[in-house]
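Written out below as structure tokens is the structure these notes cover.
Each reported figure results from applying straightforward, stated rules to the coordinates on display, with no laboratory input. Quantities reported herein were computed from a predicted structural model and do not represent experimental measurements. Cβ sites come from the backbone with ideal geometry, for glycine too, and all protein chains shown count toward neighbours.
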Amino acid sequence: MNSSKTSANAATSNISYLDQNQPVTVGANQKPVTFVLFLLPDLSMMSLASMIEPMRSLNRLLNKTAYIWKLASLRGGQVFTSNGIGMETLAVDEALEGADYLFVCGGSRVKHGEKPAHMSFLRKAARSSHVLGALSTGSYLLARAGLLNGYRCTIHWESRPAFREDFPQLDCTNNLFEIDRNRFTCSGGTAALDMMLYLIEQQHGRELAGAVANQFHHERIREGQTNQLGGSQQLFERLPIGLRTVIRAMLDNIEDPISMPELAGEIELSVRQLQRLFLQYTGMTPHRYYVKIRLQQARELLLYSDRSIIEVAVCTGFTSSSHFATSYKRVYAIRPSDTRLQQHM
């Protein structure tokens, strides 16, 4: 579906890709740039709107069509977002004709049944030299199609542990968005707004990007290298450096947990001193804090991966499925199997 007022057959630009290290500026007479937004079932409407609205706003400010966007799905028809709103789409083959960018728009966990046909089409698009991008869990499809090999990429923080387990060979960062040659990946949500503002700045200048940001009361355009979960990151940065060192060691050793004496040794403290430090700043013992970190990752693997419950238990350092289930229920008040069932509801 063509969501701009310009014909779907409008001519496209000559841009092949942008790189954050090699900005490209589009001239005043440049033809419109066309985005095809390839919608997956249960996609995030926040991510989709955050990508479209800056384009609409720039068109209005320029009083001309600088950007065209089309909503597409594999065969066309209605696609429902995660909040239940239906979006009419074109068949992607039809929508992609003359387009510059193809973005996979995800939200909930990508389901197995969707993969083969989608991946086949994405590989075909890549061979046609289209710039490929992804919002949120859309990065999964690009990765499964082998289209992120050798590229930096990112994904929503909830999906990142499972993504890194499934694709350990990929350089998946915790950044808001990544632009690496002709691959754009974005963690989703309002990060899509920052990515589009960056693109507008490169193509139309800082002043217009700032004007678009002001339309949405977006006071600061965040750079792609900004970490996700900025608030939590700020809290973490306020912790004593020794405590941060220990927590990083915990995060780096999820599958094979480090003993308390080893953790204390990281910052040359006794176990008793380490306990006092954790209690003072986190309100819990280092052991409990470590278990909490591992269970958080377990929950994300249950929600965003297809690994069995016993595999999730092993990946997060639990010696048995019963020990894992007991610990998990103590924190989340439901069993791991119930979390997995909720994901498929």
| Could you give the angle, 0 to 90 degrees to the nearest 10, between helix 271-282's Cα long axis and the longest principal axis of the Cα atoms of the chain? | 40
| remark: In order over the range 58-63: 3J(HN,Hα) from phi, Karplus 6.51/-1.76/1.60, θ = phi - 60°, whole Hz, x for each Gly or Pro, gives 5, 4, 5, 5, 7, 6
| task | Among DSSP beta bridges whose residues both lie in the range 113-243, state the antiparallel percentage, nearest 5. | result | 40
| query | How far apart, in nm, are two points set 7 Å out from the Cα along the Cα-to-Cβ line at Ser337 and at Asp256? | reply | 3.2
| field | Cα point-scatterer Debye curve for the chain, base-10 log of I(q)/I(0) at q = 0.14, 0.15 Å⁻¹ | value | -1.12, -1.23
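How about the range 28-90: which trypsin sites (Lys or Arg not before Pro) there are in a DSSP loop, with at most 14 other Cβ atoms within 10 Å of their Cβ? List each step's numbers first, then the result.
Details: sites: Arg56, Arg60, Lys64, Lys70, Arg75; in loops: Lys64, Arg75.
Sites meeting the loop and neighbour criteria: Lys64, Arg75.
Mind jotting down a quarter of the surface of the convex hull over the alpha carbons of the range 59-212, in square nanometres, one decimal?
Values: hull surface 38.3 nm².
For the range 59-212, averaging the hull's shadow over all directions gives 9.6 nm².
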| query | Highest GNM mean-square fluctuation, the chain, Cα pairs closer than 10 Å: which of Thr185, Thr282, Thr173? | reply | Thr282
| Gaussian network model of the chain, Cα springs within a sub-10 Å range: biggest mean-square fluctuation belongs to which of Val79, Val314, Val331? | Val331
| What is the calculated FRET efficiency for Glu53 to Asp306, with r their C-beta to C-beta distance and R₀ = 30 Å, to the nearest 0.05? | 0.35
| remark: Other residues with Cβ under 13 Å from the Cβ of Asp338 give, with Lys and Arg +1 and Asp and Glu -1, a net charge of +4
| field | Extension gain, Ser129 back to Lys329 (0.36 nm per residue minus Cα-Cα distance, nm) | value | 67.1 nm
| Across the range 290-298, in residue order, what do the Karplus-derived ³J(HN,Hα) couplings come to in whole Hz, using 6.51 cos²θ - 1.76 cosθ + 1.60 with θ = phi - 60° and x for Gly and Pro? | 5, 4, 4, 4, 5, 5, 4, 5, 4
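Need one number: % antiparallel among DSSP beta bridges in the chain, to the nearest 5.
Numbers: 12 of 38 bridges.
Rounded to the nearest five, the antiparallel share is 30 percent.
Quick one: Leu61, Leu197, Leu341, fewest Cβ neighbours within 10 Å first, how do they rank? Don't skip to the answer; put the middle values down first.
On the way: Leu61 15, Leu197 24, Leu341 12.
Listing Leu61, Leu197, Leu341 from fewest to most nearby Cβ atoms yields Leu341, Leu61, Leu197.
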| remark: Calc'd 3J(HN,Hα), the range 243-249, phi into Karplus 6.51 cos²θ - 1.76 cosθ + 1.60 (θ = phi - 60°), Hz, glycine/Pro = x, comes to 5, 4, 4, 5, 5, 4, 5
| request: Report the residue, chosen from Glu201, Glu268, Glu88, that carries the largest GNM mean-square fluctuation when the chain is represented by alpha-carbon nodes joined by springs under 10 Å. | output: Glu268
| message | Please compute the contact order of the chain in relative form: average sequence separation of alpha-carbon pairs under 8 Å and at least six residues apart, divided by the residue count, as a percent. | response | 14
